[in-house]
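Let me begin by presenting the structure, written as structure tokens, before commenting on it.
A short reminder: the numbers here are calculations on the coordinates, not readings from a lab. Bear in mind the structure is a predicted one, so any value in this text is a computation, not a measurement. FYI the Cβ positions are ideal-geometry reconstructions off the backbone, even for glycines, and counts take in every protein chain you see.
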Amino acid sequence: MRSTIGKAFWVLSAVVMTLSLSARSAAAQDSESAASPLFGTWQVKVTLVNCQTGDPLGPPPFSSLLTFARGGTLAEETTNPTNAPGQRSPGQGVWETNSHDVFHARSVAFINFTTPAVQAGQQFIDQIITYDDASDQWNAVAAIKFTDTNGAVYRQGCATATATRF
């Protein structure tokens, strides 16, 4: 008798665990099945701007690639000529939906060594992206922050960006 009850308990436990995992997996798939217009890789043109006036600063606009993945992660690579070759790592970050066409993205990259233009440490980019359904493009405004290897902020700036789907 005791062995039958024990077997029934383990079978019931296995069934409950299987159903629970199955329900979680289905819920995760449902939440990601509504495709975000941001999913995918984008060719981005970045312009550094004066934070107060929005007027363009140097260098001329430069290119970046941003890839937005399901689950809210992003990968980024840039050609900013301010950085020496190998000075800046690719960026990694997160993004979230604020509304159907407005998104918030944050990323970080390592600055591997110091040059006259940039100190070793990290670069943080915080941006608001506005997607345009009609053109399948987006625009962004970004705040940029540089920290040294101790985490102290030594430079801040702003940028605008336009993007087309790759």
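Remarks
- Residue-by-residue Karplus 3J(HN,Hα) for the range 102-115, coefficients 6.51, -1.76, 1.60, Hz, glycine and proline x: 10, 10, 10, 10, 10, 9, 9, 9, 7, 9, 6, 7, 8, 10
- Candidates per chymotrypsin sites (Phe, Trp or Tyr not before Pro) in the range 49-144, loop by DSSP, up to 14 other Cβ within 10 Å: PHE113
- Computed on the Cα trace of the range 32-166, the radius of gyration divided by the Kirkwood hydrodynamic radius gives Rg/Rh = 0.97.
- Comparing Cα centroids, the range 96-124 and the range 59-91 end up 9 angstrom apart.
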